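The numbers here are math on the coordinates, done by the rules we state, and not lab data. Model, not experiment: these values are computed from the prediction. All Cβ positions, even for glycine, are placed from backbone atoms using ideal geometry, and neighbour counts span all protein chains on display.
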Amino acid sequence: MERCKNIDEKIRQGYELEESKQSAAACDVWLDAWEDIKGILAEEELRDIKSLETKYDWHEFLINYVQDLEMELGKVGEVQEEYLTKRIQYCEEMIEALNENDKLTIENTRRALADSHYALGASEECDRLYTQWLDDDPSWGWGHIGWSDCYRFGTDKIAPDKAKAEEILRAALEIEGMRDRIEVLLRSADIYDELGQPKKAKELDAEIERLSKEERLLPPSDYVKLFTTPDSPVTAAGRIEGGERSATASSQPAAVTKVGRNDPCPCGSGKKYKKCCGKN
C-alpha cells in the first residue's frame with residue numbers, strides 16, 4: 001500500500017532527524033506520520049496499532065515509533081512548551097489506539113499525559129487523572145511514583161511539595177499487593193532523607209533489604225523483569241549500592257543492570273527490551 005510506504009518513510013526520516021539531534025523537527029515529521037496512521041485506522045476500521053502493524057510491512061516496528069514519539073515530545077517540551085500541548089493530545093489519541101494487552105505502554109503513556117499537564121501548571125488535571133487511574137488499579141506502583149515525582153521535583157510553574165509527594169507514597173505503601181513495591185520504598189526513603197527524617201528512611205531501608213533478598217531467590221528471568229522498570233518522565237530515584245542509597249542513580253540492587261526500553265533485551269533474543277520481556 002503506497003500510503004503505508006509514505007508513512008514508513010516519514011518515520012524513517014524522523015529517526016534520522018532524532019539521531020542528528022534535531023528533536024523538534026523529528027517530532028514534527030513523526031506527528032505528520034501519526035495523522036496518516038489515524039486516517040488508515042479509521043478508514044480500514046482497524047482496532048489498534050498492533051492490527052495495523054501486522055497487516056502491512058514496516059521498516060520500523062510501529063509500537064516502537066509511537067513510544068519514541070511520546071518520549072521525544074516530552075524532551076522537546078522541556079524547552080518548547082507548545083510541544084507539551086502536542087504531547088497531551090498525542091497521548092490521549094495513542095491510548096485509544098493501543099491494544100489492551102499493551103499494558104506497559106498504556107501505563108507509560110498515561111504517566112506522560114498526566115506529567116505533561118503538571119509541567120504546564122495544571123496540577124488539578126494531573127491529580128484528577130492519577131486519581132482516576134489509581135482508583136481503577138490501586139496496585140499500580142509506578143502510577144503512585146509518577147504522581148509523587150511531580151510534586152517532589154516540581155516544575156518552572158509549580159514549586160516542589162515534598163510533603164505531598166511523601167503523602168502519596170505513604171498511602172501507596174498501605175495497599176496490599178502493590179506492584180514494584182521496592183521502587184515505591186526507594187522513592188519514599190529518598191523523600192524522607194530530603195525532608196530531614198533519616199530514621200523513617202532507615203526503617204524503609206530495612207524493608208528494602210528484606211524484599212531484595214527475597215527477590216534474589218527468584219529464577220533469573222523473573223528477577224530481571226521485577227528489577228527493570230519503565231523509564232520515568234521525572235528522573236532521580238534511589239539505588240541500593242553497598243547498603244547505601246544514591247540519590248541520583250536509578251532504582252535497583254547493584255547486582256542488576258538497568259535495562260532501558262530501547263536497549264537489547266537481556267534474555268538474548270536480539271529484540272529491544274520494550275519489544276520483548278519489557279512488554280509485560
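Here are the numbers:
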quantity	calculated
Lysine pairs within the stretch 37-87, Cα separation less than 19 Å, 8 or more sequence positions apart or different chains	4
Convex hull volume per residue for the stretch 72-188, taking Cα atoms only, in Å³	101 Å³
The stretch 89-146 - convex hull of alpha carbons, volume per residue in Å³	73 Å³
Computed lengthening from residue 206 to residue 20, 0.36 nm per intervening residue step minus Cα-Cα distance	62.4 nm
Dipole of the stretch 3-143, positive end: most advanced residue of 138, 121, 31 [Cβ charges, Cα centre]	31
Förster radius 41 Å - calculated FRET efficiency between residue 44 and residue 179 (Cβ-Cβ, nearest 0.05)	0.70
Prolate/oblate/rounded label for the stretch 30-93 (Cα gyration tensor, a/c 1.5)	prolate
Residue 136 paired with residue 89, simple spin-label distance in nm, labels 7 Å along Cα-to-beta-carbon	2.3 nm
Cα-based equivalent ellipsoid, the stretch 1-65: semi-axes from gyration tensor eigenvalues, Å	22, 11, 10
Rough spin-label spacing in nm, given labels placed 7 Å along Cα→Cβ, for residue 214 and residue 128	3.8 nm
Centre separation in Å (Cα based) which lies between the stretch 101-119 and the stretch 146-175	17 Å
Reduced Cα scattering model of the stretch 1-152, Debye log10 I(q)/I(0), q = 0.10, 0.18 Å⁻¹	-0.36, -1.08
Backbone N within the stretch 55-88 under 16 Å of label point (7 Å from residue 96 Cα along the Cβ vector)	86-88
